[in-house]
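One structure below.
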Amino acid sequence: MLASKHGLQLPPLSLYVHIPWCVRKCPYCDFNSHQAARDHTDTEYALPQADYVAQLRLDLISQLSWVQGRKLQSIFFGGGTPSLFSPEAIGQILVMAEELVGFSESIEITLEANPGTFEQEKFTGYRAAGVNRLSIGVQSFSSTQLHNLGRIHSGEEASRALDMARRAGFDNINLDLMHGLPGQTEAEALEDLHRAVALAPEHISWYQLTIEPNTAFYSAPPSTPGSQLIASMQSGGRDFLASEGYLRYEVSAYSGKGLESRHNLNYWGFGDYLGIGAGAHGKVTLPEEGQILRSRRTRTPRDYLAITPDTRALLHRALSEPHSDPIEAEDLSLEFLMNALRLMEGVPLDTFERYTGLPIEVLQRHWSGLMAMDLVQPLEQCIAATAFGFDYLDEILQRFLEQA
């Protein structure tokens, strides 16, 4: 239970939809993704789209008590590779979400897509279905690096994908790029950024390759650039993006002014989100109970599809019990900071009290030590790291834990 529910307010609400299938598991990927099987023609993928959409509906219905009168501000289709699903299936999910929950007038609806030709052919259908933002997983334009990363598209396909997205009517596109790749030089990392910027996407996610447990790279680690080279890549890349008008507003996110990812801003601003689909996570606020809950769904598609309405109702009730998944008061400050400090400008000071139900004094008593190390800004108008501290977020969180 939270120490106090006084002042705990409902934040904006988003929806995350997880599509767990992909063409092939990449060696760096630790997301909940499962390789799709080909059908008997070997030209399409044998995905249980109708059954999965039906299960997503049951999943969302089971969470309607958590909506509490709000409309969805954003929807994000993640994976896996959501663009393996047909535009018709994506459209059915959107119709279902609008009927059951409702959409805000300016809702942002993002779908992750691969640059491969198979997915490009569907872009017009996704736009017609209601998707208004694409996130294209380029990762690199280098043939060598794409091979190293286990990707199945080429750099040329990546460029064509953005062109086809434009022709399909998309005017809000993100490109995902990675740096710190096996054997990558600084010049090669910057070349990827130059090629991305030449395509004029509204948003670029540029993040460092990390070797995560339970991945092929963890079992057989590749040789990646050292810390000094990584730092030089990052400095040069940030300077170049800034010179081209891409503002860094989060650790690895850059965009034109006003074109930030609204869905991710809701995550980092400690907003609520319902999670549906195999392995999906959610976070919801219950002001009357004085609780903030974390929810999660079973990971394997087979088990997820096997859940009946009766068992889903039981699982939902279990998640709502105080002993199951509420964020404890002693963990709440850290959870908040893990999100809020990722934003360059931080979050308004009163956001902490409104969305946690805790007094700002909970932070203040640990803040002076962090300020003395020039890691955080004074708690005046916002909760934010300094320009120096922004590169040491893990250090801030560790220091905060030590002082707690």
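The values are calculated or read from the model by the stated rules, or taken from the named source; none is laboratory data. Keep in mind that this is a model prediction, so the values were computed, not measured. Virtual Cβ from ideal backbone geometry, glycine too; neighbours counted across all protein chains shown. Accessible surface is based on the protein model in full, side chains and every heavy atom, while ligands, DNA and RNA are left aside. Shrake-Rupley method; radii C 1.70, N 1.55, O 1.52, S 1.80 Å.
On average, how much accessible surface per residue is there in the chain, in Å², for a 1.4 Å probe, leaving out ligands, DNA and RNA?
Ligands and nucleic acids excluded, the figure is 44 Å² per residue.
Tell me, what is the percent relative contact order of the range 47-114, built from C-alpha pairs under 8 Å that lie six or more residues apart?
50 percent
Please work out the C-alpha center-to-center distance from the range 326-367 to the range 215-261 and express it in whole Å.
Between the Cα centre of the range 326-367 and that of the range 215-261, the gap is 26 Å.
Can you compute the FRET efficiency between residue 395 and residue 210 using 1/(1 + (r/R0)^6), with r the Cβ-Cβ distance and R0 = 22 Å? Round to the nearest 0.05.
Once rounded, the FRET efficiency stands at 0.85.
DSSP beta bridges in the chain, what fraction antiparallel, as a percent rounded to 5?
Of the beta bridges lying entirely in the chain, close to 35 percent run antiparallel.
Once the cut-off is 14 Å, how many percent of the Cα-Cα pairs in the range 122-180 end up in the long-distance tail?
54 percent
Which residue, 396, 336, 63, has the largest displacement toward the positive end of the dipole of the chain when charges sit on each Cβ (Lys, Arg +1; Asp, Glu -1)?
Ranked along the dipole, the leading option is 63.
Can you tell me, using C-alpha contacts under 8 Å and at least 6 residues apart, the relative contact order of the chain as a whole percent?
For the chain, the relative contact order is 20 percent.
Highest mean first, how do 343-353, 263-273 rank when packing is the count of other Cβ atoms within 10 Å averaged over residues?
In decreasing order of mean packing, 343-353, 263-273 become 263-273, 343-353.
How do 160, 57, 294 rank by accessible surface area computed with a 1.4 Å probe, from largest to smallest?
So the residues, ranked largest to smallest area, are 160, 57, 294.
Could I have the simple spin-label model distance between residue 160 and residue 402, label points 7 Å from Cα toward Cβ, reported in nm to one decimal?
5.4 nm
How far apart, in nm, are two points set 7 Å out from the Cα along the Cα-to-Cβ line at residue 71 and at residue 382?
If labels sit at residue 71 and residue 382, their model points lie 2.8 nm apart.
Tell me, what % of the accessible area of the range 73-199 is carbon and sulfur with a 1.4 angstrom probe?
Looking at the range 73-199 in its full context, I get 48 percent from C and S.
Could you give the length gained by full extension between residue 185 and residue 218, i.e. 0.36 nm per residue of separation minus their alpha carbon distance, to one decimal place?
9.7 nm
Go through 176-182, 219-225, 333-339 and give me the packing order, highest mean Cβ count within 10 Å leading.
Top of the packing list down: 176-182, 333-339, 219-225.
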